[in-house]
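First up is the structure itself, then whatever we jot down about it.
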Amino acid sequence: MIALVTAGCSLAPKYTRPKAPIPSSWASGPACQEEGAERQCLAPQRLEWREFYKDPMLKQVIEMALANNRDLRISALNVERARALYGVQRAELLPSVTGSGSASKQRIPADVMGFPQALTIERYDVNLGISAWEIDFFGRIRSLKDKALEEFLASEEARKSAQIVLVSEVARAYLTLAADREMLSIAKATLKNQEKTYELILRQYEVGMASKLDMCQAKTQVDAARKDVARYTQVVALDKNALDLLAGRTVPEPLLPKGLSNVRSPEKIFADLSSEVLLNRPDIVAAEHRLKAAYAYIGAARAAFFPRISLTTSLGTATDELSNLFGSGTEAWNFAPQISIPIFDARTWAAYRVSKTERDIALAQYEKAIQTAFKEVADALAVQTAIKHQIEAQESLVKAVSETFTLASKRYLKGIDSYLNVLDAQRSLFAAQQELIMLRLAKLANRVKLYAVLGGGGE
């Protein structure tokens, strides 16, 4: 009987993977041209995150996050829940066999039910039976089982996607902390230089070699530098809190970066592959499993229009003497098949329409996930080369502004120029140094993003 049930038909529509609504290759405009020269670099699908991230301290922080992050833990528990629900739904295909035993003893007084004397009636039963087992001729239960399986597989892919996001977020937070710590170092160095300059001008003012305006301007720069130090001290503290939250515990000080220049850059990667590689990204695979689940649900909704056959049966013994419970001639059995034929039920038609609508929604979500992934990769590729040129230009600017500041300081000390030129050069140098750090951070963060959006870091 079980073999007959498992070989029954299925009314679920045949699934065919939809055509990806994206171009077959990445953009090849000016922003993406030069990276093609780096063909020796590994593709992210072949690069584990332990190989991609080169900094040993960052690796330890990522390991800490994978072990302690609560969001990832919730994702893992969701997988376990989906696996259990799939087991429950799969068990519906098999009969539920139960055993039971009962005993009863009843005294009937005299002259009741036509008996002149009192009677004592005893009954003992032992049964093994199946209760209301649905025989899945039209695949309703099997379709629900397939739906539960696809939802379980989707939850597993969602866990991988959550891991990719977590690994990239930890790396981004770590790099941001490194950049802001370097900003803080520059701010402290600037404050120290401003204090030295102020003390020098103050002494010159006291002996009449500098104007009060120069002294006030120097004091203004000291106060501005003190404000920058306080601001970056706050930013670094907030960055540390964000990193601790991602790691799931307090990250020890020895694992924290001193500055962005002290962090080893992640591995270089390229995306010189067909855009179809995105179909293996965990979030897209999860969306496809949900689409397959919607197809299976249509099968269950269609099966609701057909007869439903269930079986209740039991086999055991019955006797009026406990000592003869398993004796000869005490066999008892019950066989009660039941068929339910739907005639008219508006809810069945409504459920069928709902199942088709859910399939269309899942299809749109699957296509949107592909389009979003393509945009993320295209954006990262566009940034990858452009940021390289920006850093080169900014490094040249920092060098030029630094020379300008040095010359302005010398000209002021020789009495050739006003202190205003020194102030302008100092502000420009500090701003240029900040911008250079932010561009270097953007370069590394974009490399991390490209690795993640191509599906790297999920294992």
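The values are calculated or read from the model by the stated rules, or taken from the named source; none is laboratory data. Just so you know, these numbers come straight off a predicted model, no measurement behind them. When we count neighbours, we look across all protein chains shown, and the Cβ atoms used for this are built from the backbone with ideal geometry, even at glycine. Surface accessibility is based on the protein's heavy atoms, side chains included, excluding ligands, DNA and RNA. Shrake-Rupley method; radii C 1.70, N 1.55, O 1.52, S 1.80 Å.
Projecting the Cα atoms of 230, 340, 309 onto the charge dipole of the chain (Cβ charges, centred on the Cα centre) puts 230 farthest toward the positive pole.
Given charges of +1 on the Cβ of Lys and Arg and -1 on the Cβ of Asp and Glu, with all other atoms neutral, how large is the dipole of the chain about its Cα centre, in debye to the nearest 20?
Rounded to the nearest 20 debye, it is 1040 debye.
With a Förster radius of 41 Å applied to the beta-carbon distance between residue 76 and residue 24, the computed FRET efficiency rounds to 0.70. Taking Cα centre as origin and charging only the Cβ of basic (Lys, Arg, +1) and acidic (Asp, Glu, -1) residues, the dipole magnitude of the stretch 162-261 rounds to 120 debye.
Taking the longest Cα principal axis of the chain as reference, the axis of helix 346-413 is set at about 20 degrees.
Here the sum of -39500 (n - 2.57) over DSSP H runs of 4 or more residues, divided by the residues of the chain, equals -21500 deg cm²/dmol at 222 nm, to the nearest 500.
Evaluated over the stretch 354-456, the count of Lys pairs having alpha-carbon atoms less than 25 Å apart is 11 (only pairs 8 or more residues apart or interchain). Converting phi to 3J(HN,Hα) with the Karplus coefficients 6.51, -1.76 and 1.60 and the offset θ = phi - 60°, the stretch 63-77 yields 4, 4, 5, 4, 8, 10, 5, 6, 5, 5, 5, 5, 4, 5, 5 Hz in sequence order, with x at every glycine or proline. Using C-alpha pairs below 8 Å separated by at least 6 residues, the relative contact order for the chain is 28 percent. Taking the longest Cα principal axis of the chain as reference, the axis of helix 282-303 is set at about 20 degrees.
Projecting the Cα atoms of 56, 161, 284 onto the charge dipole of the chain, computed from C-beta unit charges around the Cα centre, puts 56 farthest toward the positive end.
Dipole of the stretch 378-453 computed with +1 at Lys/Arg Cβ and -1 at Asp/Glu Cβ about the Cα centre; of 445, 384, 413, farthest Cα towards the positive end is 445. Given R0 = 30 Å, the distance between the Cβ atoms of residue 234 and residue 262 translates into a calculated FRET efficiency of 0.90. The order of 161, 10 by accessible area, most exposed first and with a 1.4 Å probe, is 10, 161. Between 0 and 90 degrees, the angle of helix 140-206 with respect to the longest Cα principal axis of the chain falls at about 20 degrees. In this label model, residue 83 and residue 277 are separated by 3.1 nm, measuring between points 7 Å along each Cα→Cβ vector.
Here the simple spin-label model places points 7 Å from the Cα toward Cβ, and for residue 318 and residue 193 these points are separated by 10.1 nm. By the scheme Lys and Arg +1, Asp and Glu -1, what is the net charge of all other residues having a beta-carbon under 15 Å from that of residue 206? Residues near residue 206 contribute +1 overall. The stretch 408-459 and the stretch 115-140 have Cα centres separated by 84 Å.
Counting only protein heavy atoms and a 1.4 Å probe, the stretch 285-435 has 58 square angstrom of accessible area per residue.
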